[in-house]
Amino acid sequence: MRRLVIFALIGFAAQLVDGTLGMSYGVTSTSLLLMFGIAPAVASASVHMAEVVTTAASGISHIRFGNVDKQVVRKLILPGSIGAFLGACFLGSIPGEIIKPFVSTFLLLLGIFVMYRFLFHRNQPSKIANTKRNHKHLISLGFIAGFFDATGGGGWGPIATPVLMTKNDMEPRKVIGSVDTSEFAIALSSTIGFLLTIGWSQINIQWVIAFMIGGLIAAPIAAWLVKIIPTNLLGALVGGMIIITNIRTLLGALNASYITSLYTYVVLSILWIFALGNVIWKLKKESCQNESRRLNSY
């Protein structure tokens, strides 16, 4: 029972982060199950089964708060579902751990770019959005993100969110809401693939339900937070999360010592906190200037 409560709390925290920053539910939950000695395929299958419910709740919440670009969702769903199904079916034979460091390097660079963009440039989404040219990349993005999501137990958000964040025609809240909403189809496709390959008997339904309960409680809270958090602050939060998450993978691949890893995390955390403080200071300064201009206009 204590383990189930812990899983429910982890499900709540993971969904709160995922629904707010557009990533990390699968990575967080799968990492926990692996820590308990669960086989990678079973861990990923359990998490994706829980995500079928939590992503549905998250998607509904994001739609309600106006955080979704429906055209982007429609473009991501089909290739993402195909990639997720294939990734689930071939998890046992695909060397996902070998590929992961290269993907993490790419994502790390994207995270740095996202941080740079939202720290030093005002985010002004293009008025001409959703054109055919802007959506060509969504097909390959959806397939790759869905594939790695199934093989790694998480990857839809960490791959799709930073890539879309680098585009100038989408607000961060729309990126997060669209990625979270489309994830329902990816989780469903992954679950079907896993059930066809490993079967029901390998999955602990109690663990799945515990993750579901925690995620269902957190989903509407996260969608509301995305609605009210300023754009630049949201971008800085996402960028920092991308960097921290992928540095962890790279340090593991390089077999870095405990001291090296600790210093790296401390330095990056301090820089992240400083960056967030800088964004908050700029937002307050801008708010004061707007208020001053409003008073002067009278």
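Met212 is checked against (1) outside any helix (DSSP H, G or I); (2) touching a residue at least 24 places away in the same chain (Cβ under 8 Å); (3) not small (Gly, Ala, Ser) and fails just one. What number does that condition carry?
(1)
Of the numbered conditions (1) in a helix (DSSP H, G or I); (2) more than 21 Å from the chain's Cα centre (by Cα); (3) at pLDDT 85 or above, Glu291 fails exactly one; give the number of that condition.
Going through the list (1) in a helix (DSSP H, G or I); (2) more than 21 Å from the chain's Cα centre (by Cα); (3) at pLDDT 85 or above, Glu291 breaks only (3).
Taking Gly92 as meeting all but one of (1) assigned to a loop (DSSP other than H, G, I, E, B); (2) small (Gly, Ala, Ser); (3) modelled with pLDDT of 85 or more, write down the number of the exception.
Only one criterion is unmet by Gly92, namely (3).
For region 154-197, name all the residues that are outside any helix (DSSP H, G or I) and more than 12 Å from the chain's Cα centre (by Cα).
Start the filter on region 154-197 by keeping residues that are outside any helix (DSSP H, G or I), which leaves 154-155, 166-171.
Passing the criteria: Thr166, Lys167, Asn168, Asp169, Met170, Glu171.
Do we find a residue being in contact (Cβ under 8 Å) with a residue 24 or more places away in the chain, hydroxyl-bearing (Ser, Thr, Tyr) and over 24 Å from Phe12 (Cβ atoms) anywhere in region 217-236? Working first, answer last.
Quick first cut of region 217-236, residues in contact (Cβ under 8 Å) with a residue 24 or more places away in the chain only: 217-227, 229-236.
Still in the running and hydroxyl-bearing (Ser, Thr, Tyr): 231.
Going one step further and asking which of them are over 24 Å from Phe12 (Cβ atoms), we end up with 231.
Within region 217-236, one or more residues are in contact (Cβ under 8 Å) with a residue 24 or more places away in the chain, hydroxyl-bearing (Ser, Thr, Tyr) and over 24 Å from Phe12 (Cβ atoms).
Here is a yes/no grid of residues against (1) surrounded by fewer than 24 Cβ atoms within 10 Å (Cβ to Cβ); (2) modelled with pLDDT of 90 or more; (3) out of contact with any strand residue (DSSP E or B) (no Cβ under 6 Å at 6 or more places or on another chain):
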| residue | (1), (2), (3) |
| --- | --- |
| Val179 | no, yes, yes |
| Ser189 | no, yes, yes |
| Phe194 | no, no, yes |
| Trp200 | yes, no, yes |
| Phe211 | no, no, yes |
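Read through the list (1) more than 21 Å from Ala8 (Cα to Cα); (2) touching a residue at least 40 places away in the same chain (Cβ under 8 Å), then give the number of the only condition that Glu286 fails.
For Glu286, the exception is condition (2).
Here is a check on your reading of the model: is Ile198 touching a Gly at 6+ places or on another chain (Cβ under 9 Å) and more than 20 Å from Gly157 (Cα to Cα)? Show your work before the answer.
On the way: touching a Gly at 6+ places or on another chain (Cβ under 9 Å): yes; more than 20 Å from Gly157 (Cα to Cα): yes.
Yes, satisfied.
When you check Gly66 against the structure, is it modelled with pLDDT of 85 or more, under 27 Å from Leu276 (Cα atoms) and more than 15 Å from the chain's Cα centre (by Cα), yes or no?
Numbers: modelled with pLDDT of 85 or more: yes; under 27 Å from Leu276 (Cα atoms): yes; more than 15 Å from the chain's Cα centre (by Cα): yes.
So Gly66 fits the description; yes.
Of the residues that make up region 259-273, is at least one surrounded by 15 or more Cβ atoms within 10 Å (Cβ to Cβ), within 22 Å of the chain's Cα centre (by Cα), in contact (Cβ under 8 Å) with a residue 40 or more places away in the chain and in a helix (DSSP H, G or I)?
No, region 259-273 contains no residue that is surrounded by 15 or more Cβ atoms within 10 Å (Cβ to Cβ), within 22 Å of the chain's Cα centre (by Cα), in contact (Cβ under 8 Å) with a residue 40 or more places away in the chain and in a helix (DSSP H, G or I).
The values are calculated or read from the model by the stated rules, or taken from the named source; none is laboratory data. Please read these numbers as outputs of a predicted model, since none were measured by experiment. Neighbour counts are summed over all protein chains in view; Cβ atoms, including those assigned to glycine, are modelled from backbone coordinates with ideal geometry.
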